[in-house]
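The values are calculated or read from the model by the stated rules, or taken from the named source; none is laboratory data. In this text the structure is predicted, and so the values were computed from the model without any measurement. For neighbour counting, all protein chains shown are included, and Cβ atoms are generated from backbone atoms with ideal geometry for every residue, glycine included.
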C-alpha cells in the first residue's frame, strides 16, 4: 500500500459519522436513502461522506435501476493496521538520508583532521561520536586495557573518559580488565569471541601471544609518580600521585576544560574565576621502573608525602588537605613502627 492511500484511509475514518456508515456497510450493501434513515442524517450529508470513503477506496458503488448501492470493499478492510501505517520504501530512504546527513554534520563539527576536539554535551550527538570509537573494535575480539588505550588515543587524548562512556552506553562490554564489542546478529563476517586468557588449555601460539603482550606492557608501562596542578595567577598548587602520570594529566586537563573538578572545592572556586588556562600541570617525581616491586602503592605514598611535606600546599599555599596529610603521615609512621617491631 502506498503512502498517499494510507493517509487517505486514515483521514476518511477520522470522522464519527463516516465510521458509523462504514460499520453499516460492513453488515450489508445499502443505498443513500437507507443509510440516511438509519443514522438520522440528511441524504446530502450521507452522499458527502460516501464520496470521501469512495475516494479512499473504502467503499464502492454500483447502480441498480433507480438507486446507487454502496458496499464496503472487503479487501481493504482485511488489510492490517500495520500494513496501512507502514511507510513507502521511498519514505524510509528519505529518513535514512536525513539521519545520515545529520550524523555527517555532527562528525564534521566535533572531529578535525581525524581527531575528536571535544565531547558533545548533547546525548544524541555524543552517541554518534562514541560510535566512531566503537567501530574500531573488531566484533567479538577481546582487548586488554593497554590495547583499548591504543585504539582510543589516536582519536582523543582522554582515553579514560571515552572508555568509561563506551561501557556506560553499552557500545562495548567489560569483564574485569578485558573489553570487547558484541557481534551483531546475522553479521557473518564478525570474528568469533576469543576465549578468556586464563583458559588452562590454551595452545602454544596463544600463550606466546599473551607473553608478548605482557612483555610489551612492561616495556611501555606508564610512568608512575607525583604531580602538581599549579594556579599560575596566585601560585597555589595541588599535589597528587598517580600510577599513570600521562593519563592523569590528560584527565585533569580535560576536567579543567569542562570547568568541573571534584577533588577540591577551593580549586573549583579558582577554576570558575580563572578558567582552565590559569592552571598548569607538571611532574614532580617519577618512580624508577627498575625498582618498582610489588608494593607500588607504598612507594607512591612515600614519594607523595615527601613532596607534600616539601611544598606544604595547604591554606593560602595550595589545595591539599592538612588533615589528610597528617592522617597519611601517621599511617606511614605506624607501618614503619610495625616493621621495626
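Results for (1) at pLDDT below 80; (2) under 21 Å from residue 305 (Cα atoms); (3) assigned by TED's automatic domain parsing to the domain that holds residue 118, shown as yes or no for each residue.
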{"position": "163", "(1), (2), (3)": "no, no, yes"}
{"position": "177", "(1), (2), (3)": "no, no, yes"}
{"position": "182", "(1), (2), (3)": "no, no, yes"}
{"position": "197", "(1), (2), (3)": "yes, no, no"}
{"position": "232", "(1), (2), (3)": "no, no, no"}
{"position": "239", "(1), (2), (3)": "no, yes, no"}
{"position": "254", "(1), (2), (3)": "yes, no, no"}
{"position": "259", "(1), (2), (3)": "no, no, no"}
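Taken together, the residues in region 1-58 that are outside any helix (DSSP H, G or I), touching a residue at least 12 places away in the same chain (Cβ under 8 Å) and within 54 Å of the chain's Cα centre (by Cα) amount to 7.
Considering only region 122-138, state which residues are farther than 20 Å from residue 108 by Cα and surrounded by fewer than 18 Cβ atoms within 10 Å (Cβ to Cβ). Working first, answer last.
Quick first cut of region 122-138, residues farther than 20 Å from residue 108 by Cα only: 137-138.
138, the sole residue that qualifies.
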